[in-house]
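Read the figures in this text as sums done on the coordinates, not as results from a lab. Just so it is clear, the structure is predicted and the values come from calculations on it, not from any experiment. Because the Cβ atoms are built from the backbone with ideal geometry, glycine has one as well, and the counts that use them run over all protein chains shown.
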Amino acid sequence: MKLNIETYGAETLRRNAQPVMEITDEIRALIANMLETMHAAQGIGLAAAQVGRREAVCVIDIPSDMQDPTALLLPEMPLILLNPEIVEASGEQCAKEGCLSFPELYVSVNRAAVVTVSYLDRQGVQRMFRAEGLLARAVQHELDHLHGVLLVDKMTSVQKVAAAAKLRRIKKLGARTFQVA
Ligand code: NI
């Protein structure tokens, strides 16, 4: 089932996520619905807060043609991360980033180049992976969502001024949701 995506201005995007304590049918359904919603919206990542939920769940699916061909040890996609945490981060990268909660906004954001992430998989097994490039960026972006941190918080004041009209327009969507076609 496709879910509505909350856009910038929605309260739910600012909440801290709560850890998943048990893999229930409800969590399994949430994961399936989030994957369906992300794919329908042609996003590469989605956090539970973006569909109005509190659980520390995010999904990432980077198409193979967008992946860095030189990256080693790419985890299998889609990635389903429960209670994810970055345990190590190093280096720096800067590239344009978007977010399904900020339709049509793309801004350059600084991120760590390499991150090590620990998480529970959909079976509740504790796992870890190391990511670089676009995947490292996506992981950092989705983990920000779990802490109520949004793309706009990563923008410099100059970027915010340049994108002011666009941000206003997004906010006018009324902290409302947009329905994925
Ligand atoms: Ni996002």
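In the chain, helices alone account for a calculated mean residue ellipticity at 222 nm of -7500 deg cm²/dmol, with every DSSP H run of four or more residues adding -39,500 (n - 2.57).
Compared with the direct C-alpha span, the chain from residue 76 to residue 42 gains 10.4 nm at full extension, assuming 0.36 nm per residue. If R0 is 35 Å, what FRET efficiency do you get for residue 110 and residue 35 from their C-beta distance, rounded to 0.05? Result of the calculation: an efficiency of 0.75. The Cα-based radius of gyration of the chain, divided by its Kirkwood radius, gives an Rg/Rh of 0.94. Among 13-20, 80-87, sorting by the average number of other beta carbon atoms lying within 10 angstrom of each residue, highest first, gives 80-87, 13-20. Computed from label points 7 Å out along Cα-Cβ, the spacing between residue 18 and residue 166 is 3.5 nm. Note on the chain: with a GNM built from Cα contacts shorter than 10 Å, the maximum mean-square fluctuation among 140, 50, 42 falls on 42. Relative to the Cα centre, the charge distribution of the chain, modelled as +1 at Lys and Arg Cβ and -1 at Asp and Glu Cβ, gives a dipole magnitude of about 900 debye. Cut-off 10 angstrom, C-alpha nodes, Gaussian network model of the chain. Which of 113, 32, 165 fluctuates the most? Looking only at 113, 32, 165, the largest GNM fluctuation is found for 165.
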